[in-house]
1. Roughly what % of Cα-Cα distances in chain A sit above 18 Å, to the whole percent?
2. In sequence order, what are the phi-derived ³J(HN,Hα) couplings for region A:66-73 according to the Karplus relation 6.51 cos²θ - 1.76 cosθ + 1.60 with θ = phi - 60°, rounded to whole Hz, with x for glycine and proline?
3. Lys and Arg at +1, Asp and Glu at -1: add these up for the other residues within a Cβ distance under 12 Å of B:E66 and post the number.
4. Shielding by partners for A:22-33, please: the mean number of other protein chain Cβ atoms within 10 Å of each residue's Cβ.
5. Using a label point 7 angstrom from Cα along Cα-to-C-beta, what distances in nm, from shortest up, separate B:G84 from the other copies?
6. Using the alpha-carbon centroid of each, what span in Å lies between region B:55-87 and region A:1-30?
7. Shortest first and in nm to one decimal, what separations exist between A:A39 and its copies in the other chains, measuring from label points 7 Å along the Cα-to-beta-carbon line?
8. What are the ³J(HN,Hα) values, in whole Hz, obtained from phi via the Karplus relation 6.51 cos²θ - 1.76 cosθ + 1.60 with θ = phi - 60°, for each residue of region B:19-25 in sequence order, with x given for Gly and Pro?
There are 2 protein chains.
Amino acid sequence: MESLIRVFHTYSCKEGDMYKLSNAELKSLLQEQLGDFLAASNDPMCVEKIMNDLDENHDGEVDFKEFVLLVATLTVACNDFFEGYSQN
Amino acid sequence: MESLIRVFHTYSCKEGDMYKLSNAELKSLLQEQLGDFLAASNDPMCVEKIMNDLDENHDGEVDFKEFVLLVATLTVACNDFFEGYSQN
């Protein structure tokens with residue numbers, strides 16, 4: 001929990017609203033912190049798709065709650081994958 | 001994400017369904033991994049309340065998705081607290 005909060009604010013305070021991620025901040029965070037995960041995807045538009053999904057009101061900003069929802073969704077997807085893998 | 005998955009399965013495989021937390025497993029996990037957090041609460045019924053909230057169908061088992069939802073909710077609450085604290 002602590003590391004999620006720390007990572008979010010390390011990026012969110014770089015420009016604009018210190019408590020929200022701009023498109024550029026979100027892109028840096030995803031590429032630097034989830035680089036391996038994104039590299040495993042064959043979709044070059046992956047980062048852009050994530051940004052569009054998260055930024056529901058299209059103001060170019062993502063708040064902490066939306067960010068945690070992304071991480072929670074990715075974590076459940078990873079777990080489903082590993083449970084399926086170990087059951088086969 | 002990796003540590004959430006690892007912590008969950010370390011406890012969930014101890015007894016019964018290996019992919020779900022029994023009441024006893026959830027209690028150990030909360031006390032051993034979130035001990036400081038629970039100690040800061042003055043409510044001695046805190047663990048029991050969390051168990052009841054998570055175990056919606058009262059089968060005594062909590063799956064990974066429900067567990068991640070708890071962690072996400074706690075993380076957002078912590079962040080709101082720190083943002084409020086730094087704004088004052």
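Rule-based calculations on the coordinates, nothing more; no lab input. As the structure is a prediction and not an experimental result, all values here were calculated from the model. So basically every Cβ, Gly included, is an ideal-geometry build from the backbone, and we count neighbours across all protein chains shown.
1. Cα-Cα pairs in chain A separated by more than 18 Å: 46 percent.
2. Along region A:66-73, the couplings run 5, 5, 5, 4, 4, 4, 4, 5 Hz.
3. Working: positive: B:K20, B:K65; negative: B:D53, B:D55, B:E56, B:D59, B:E61, B:D63.
Combined, the nearby Lys, Arg, Asp and Glu give -4.
4. On the way: counts 0, 0, 0, 0, 0, 0, 0, 0, 0, 0, 0, 0.
Going residue by residue through A:22-33 and averaging, the value is 0.
5. Spacings between copies for this position, smallest first, are 4.0 nm.
6. Computed from Cα coordinates, the inter-centre distance equals 20 Å.
7. Nearest to farthest, the other copies are at 4.0 nm.
8. Karplus-based 3J(HN,Hα) across region B:19-25 equals 9, 9, 8, 6, 4, 5, 5 Hz.
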